[in-house]
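Heads up, the thing below is written out as structure tokens.
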Amino acid sequence: MANATVSQIGIDNGAGSATGLFLKVFGGEVLAAFNEENKFLARTMSRSISSGKSAQFPAISKTTAQYHTAGAEIVGQEIGHTERVVTIDSLLISDHFLSSVDDAMNHYDVRSEYSFQAGRSLANALDKRVLQLARIASRASANLDGTKGVASPAGQQVIDADGDTDADSLVQSIFDAIQILDENDIPTEDRFVALAPAQFYLLGNSSSKAINRDYGGAGSIAGDDLPRIGGAEIVMTNNLQNGTNVDDAGGTKYDIDLTNSVAVVSHRSSVATVKLMDVASEVSWDPRRQGWLLLAKMLVGSDYLRPESAVEIKTL
């Protein structure tokens, strides 16, 4: 009995790799899912590098103006400089194995769902780390101590005992945090407030004028549409972790106890990200295991950059 002639649906024009056509579809869907799901990577100071393991992000102090006395020599003022070095983490991957036998017997396509979940998992992993770092920044000491130039502020927290359960109290705490950013001379553009779903929907019960259109608010209780408070964009996310959180896989720089954390009000300058490899994908046929290995990956690293650009809201 002769063997069957198999139609290799992954071969491009009958030649080349058995997965040559799969890769493009899988890779495109991974990237699309990542871009759709990821909310906070674009809210960091990002830099791409072609080689190496780290990138330097400078921090420069403010300076002052002064009146000149006629005849006095103008010699210039010192401006303080320092830097934050952001290193690449280990390779971040999302991997799945698809048996050729299972794939043949299955009556529906799973590759599309696998690619979506792979892209989504990478996006969520990065968002969790960015939000951890924003809160680490809010607890960090100042980059510039004033030895040279003007000292920069340290990170700060707003303590709100019932900010996780009282809508009006949470709104007031958000305004308090925004005021701190204003006093730190942080630009009004690119500010955001990260809230878990429970606190996001809690704001819909607020009696505050902040979300009342009659008082110039931009929110809508009818649609739970709370785009901005005090000029800062409200972002709902499941990646604002609380409780004790230790991320050993990402390195100790992400370790933080978030037991009492409610929200973070931040500017994109609070966290920096360096990319060595953007979202990429591979599909490999494994003859020894008779199946396809589907792999999505990124090689990036993040760290806090400017403590004065982040304010955490905590219950204590």
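Here are some notes:
- Failed criterion for Asp109 (all others in (1) of a type outside the set (Phe, Trp, Tyr); (2) closer than 23 Å to Asp255 by Cα; (3) free of Cβ contacts under 8 Å to residues at least 60 places away in the same chain hold): (2)
To keep it simple, each residue is scored yes or no on (1) in contact with an Asp or Glu (Cβ under 6 Å, 6 or more places away or on another chain); (2) of a type outside the set (D, E, K, R); (3) at pLDDT 85 or above.
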| residue | (1), (2), (3) |
| --- | --- |
| Asp176 | no, no, yes |
| Glu189 | no, no, yes |
| Ser208 | yes, yes, no |
| Tyr215 | no, yes, no |
| Pro227 | no, yes, no |
| Gly231 | no, yes, yes |
| Leu240 | no, yes, yes |
| Asn260 | no, yes, yes |
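- Top-ranked residue in segment 27-63 [being among the hydrophobic types (A, V, I, L, M, F, W, C) and assigned to a loop (DSSP other than H, G, I, E, B); ranked as surrounded by the fewest Cβ atoms within 10 Å (Cβ to Cβ)]: Ile49
- The residue list Ala280, Ala263, Ala310, Ala296 contains one member that is over 23 Å from Ser173 (Cα atoms) and crowded, with 24+ Cβ neighbours inside 10 Å, which is Ala296.
- Asp182 being modelled with pLDDT under 95, within 30 Å of Glu83 (Cβ to Cβ), surrounded by fewer than 17 Cβ atoms within 10 Å (Cβ to Cβ) and of a type outside the set (A, V, I, L, M): no
The values are calculated or read from the model by the stated rules, or taken from the named source; none is laboratory data. As the structure is a computational prediction, the values presented were derived from the model and not from experiment. Because the Cβ atoms are built from the backbone with ideal geometry, glycine has one as well, and the counts that use them run over all protein chains shown.
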